[in-house]
Each structure stands twice: as structure tokens, then as C-alpha cells.
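The values are calculated or read from the model by the stated rules, or taken from the named source; none is laboratory data. The shown structure was predicted, so the numbers you read here are calculated from the model rather than taken from an experiment. Here the Cβ positions follow ideal geometry from the backbone for every residue, glycine too, while neighbour counts run over all protein chains shown.
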């Protein structure tokens, strides 16, 4: 049996096993289902610019950059308020901030990229 990638965490695996044994249903958490990964080298050039600004501590192009990201969508792993911060990734040709963001966590190099305004996120792999 092939398990979906979003069921690899121990808690989800236990729920799956339990459901298979007793005939129940299994639901995946949105965070486990929507977070993928992306090589840093595969990011658009504007995301590299944003990562450089984050590393330097600014200055940032938008007032909202560096503000607390609430994770209201529940896509990222659940953490306490203030754990995540968001930064704009410039979208060429857009008259607004656009949909692209980098959201950082408190852990070193815990950076997530979204190109669809928080619907999905990819954890940035800084080693490739």
C-alpha cells in the first residue's frame, strides 16, 4: 500500500492505522497537505532579493514587510502568535504587492515561499 506524502507524520500514520483496523475515516491536516519544498535555486530572482533583504534586516519595500504572519489559513505548522513573519516578493508588472511572499519562522533558515497568497507554501531548501 502506498501512503500519501501528507500522511508520513507519526500522528497521521497512527490515525491511518487506526482507521484501517476499525473501518473509520482519515482526514489530513491542511498544514501537512499543503507544505512542499523548493530548492532555493528554483525561486524567482525577486525571492532571492527578498531573502537578501531579510538577511540584511532591510530596508524593505513595503510597510507590511516584517509584520507577524497569523497563519489564519492553517497551512503552516501551528505555532504561537509571533512565530512567523511575512515579506513581499516583488511581482514584476503588478501595481500591488502581488501574491508572492516569503514567510519566516523562528528557526534558522525556516523560510517558506508562497506564490498564491498563502494557499500553498514550499519550505525553502537553502542547500540546493
* Structure fact -> Selection from segment 50-61 of residues out of contact with any helix residue (DSSP H, G or I) (no Cβ under 9 Å at 6 or more places or on another chain) and surrounded by 13 or more Cβ atoms within 10 Å (Cβ to Cβ) yields 50, 53, 54
* Asked: Does residue 54 satisfy the condition of being within 12 Å of the chain's Cα centre (by Cα) and modelled with pLDDT of 95 or more?
  -> no
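Looking for whichever is part of a strand (DSSP E or B), closer than 21 Å to residue 126 by Cα and modelled with pLDDT of 95 or more here; the options are 41, 37. Which one fits? Let's see the steps before the verdict.
Details: 41 fails: part of a strand (DSSP E or B).
Unique residue meeting the criteria: 37.
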* When segment 50-70 is examined, which residues are found to be touching a strand residue (DSSP E or B) at 6+ places or on another chain (Cβ under 6 Å) and assigned to a loop (DSSP other than H, G, I, E, B)? -> 62, 65, 66
